[in-house]
Protein chains: 2
Amino acid sequence: MCTFYFGVEKIMKNEFFDLAFAEAEKAFNINEVPIGAVIVKDGKIIAKGHNIKENQRNVICHAEMLAINEASKVLNNWRLSDCDIYVTLDPCPMCASAIKQARIKNVYSALENLDKSNSEIVNRIFENSDINSATNFITNLSVEKAKNLMQSFFKNRR
Amino acid sequence: MCTFYFGVEKIMKNEFFDLAFAEAEKAFNINEVPIGAVIVKDGKIIAKGHNIKENQRNVICHAEMLAINEASKVLNNWRLSDCDIYVTLDPCPMCASAIKQARIKNVYSALENLDKSNSEIVNRIFENSDINSATNFITNLSVEKAKNLMQSFFKNRR
């Protein structure tokens with residue numbers, strides 16, 4: 001992962017985060033907790049999603065789940081091997097387990113989840129290599145931007 | 001939970017399990033790992049689902065997720081408070097977290113998951129009471145029937 005912060009790799013990954021944040025802003029604009037996700041394969045975005053839980057009245061409608069749903073349709077396969085996911089906040093256990101079961105290789109997250117019990121569970125899900133290989137999970141890659149977005153959302157709601 | 005094994009309560013809960021097993025058999029008949037789920041509110045079944053992951057080519061399409069999706073539509077609410085779910089096998093972490101986030105009160109499972117790492121994660125998800133109250137999770141309630149179904153499925157596939 002040392003290449004992440006240098007050269008072409010960095011520019012490419014920043015671009016994927018930009019698109020994940022654009023998704024998060026779509027959620028923000030419809031009064032949803034602003035979380036976005038994009039799934040990348042071979043350097044191309046194949047699916048994206050933003051949180052629409054309140055609008056859809058459905059706990060399943062998290063950004064990551066919608067992106068996984070779309071990517072599975074695009075690839076016509078539940079195996080999203082050789083795919084990476086970019087998320088604006090660490091996934092919850094539901095999304096983490098879906099990511100793991102879909103065999104997504106790398107999870108790049110902008111900001112860690114401050115809920116410690118949830119993040120311990122999520123780490124265990126990704127580290128578990130009993131059935132599939134462990135998922136690489138790297139967080140806090142765009143802390144300021146992600147924090148600002150979350151803070152302005154919760155300030156607006158007060 | 002002491003009343004579970006006696007009288008009217010028992011008959012009612014057996015009936016819900018029968019319907020969960022009927023769902024599991026639908027999965028069996030289309031060559032899916034035979035898992036079924038029903039969601040009950042006020043003594044009535046409001047949603048059901050069976051595993052269609054392979055047919056839909058989508059890891060999200062577990063029995064429990066489809067039942068939660070349907071129940072949310074029926075109640076027009078992501079909060080499935082005062083609902084119970086009956087499953088023919090312990091949920092995976094994805095489904096457990098969805099059940100928890102939907103605030104389903106009680107999880108009744110026919111058979112424990114033999115994958116120890118997964119079941120530790122699932123227990124932690126249900127026990128976590130940081131945001132919502134803990135979910136009651138009772139397993140091994142119909143072991144023989146659930147084992148027979150799973151064994152005949154995996155025997156057929158060999």
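Quick notes on this one:
- Looking only at residues of segment B:64-80 that are in a helix (DSSP H, G or I) and open to solvent by 10 Å² or more (accessible area, probe 1.4 Å), we find that the one that is nearest to B:SER142 (Cα to Cα) is B:LEU66.
- Condition check for A:ALA24: closer than 20 Å to A:ASN113 by Cβ, modelled with pLDDT of 95 or more and touching a strand residue (DSSP E or B) at 6+ places or on another chain (Cβ under 7 Å): yes
- In segment B:99-158, the qualifying residues are those that are of a type in the set (Phe, Trp, Tyr) and in contact with a helix residue (DSSP H, G or I) (Cβ under 8 Å, 6 or more places away or on another chain), and the one that is most open to solvent (accessible area, probe 1.4 Å) is B:PHE137.
- Only one of B:SER133, B:SER129, B:SER72 that is touching a Lys or Arg at 6+ places or on another chain (Cβ under 9 Å) and at pLDDT below 95: B:SER133
- Residues of segment A:27-58 satisfying the condition of being open to solvent by less than 10 Å² (accessible area, probe 1.4 Å), among the hydrophobic types (A, V, I, L, M, F, W, C) and under 26 Å from B:GLU32 (Cβ atoms): A:ILE39, A:ALA47
- The set of residues in segment A:115-158 that are among the aromatic types (Phe, Trp, Tyr), part of a helix (DSSP H, G or I) and under 16 Å from the mean Cα position of the chain (by Cα) contains only A:PHE126.
- A:ILE60 being under 15 Å from B:MET65 (Cα atoms) and aliphatic (A, V, I, L, M): yes
- A single member of B:CYS95, B:CYS83, B:CYS61 is more than 9 Å from chain A (Cβ to nearest Cβ), open to solvent by less than 60 Å² (accessible area, probe 1.4 Å) and at pLDDT 95 or above, and it is B:CYS83.
The values are calculated or read from the model by the stated rules, or taken from the named source; none is laboratory data. Quick caveat, the model's predicted, so the values are computed rather than measured. Don't worry about glycine lacking a Cβ; one is built from the backbone with ideal geometry, like all the others, and counts go over all protein chains shown. Just so you know, the surface numbers come from the protein's heavy atoms only, side chains and all, with ligands and any DNA or RNA stripped out. Shrake-Rupley method; radii C 1.70, N 1.55, O 1.52, S 1.80 Å.
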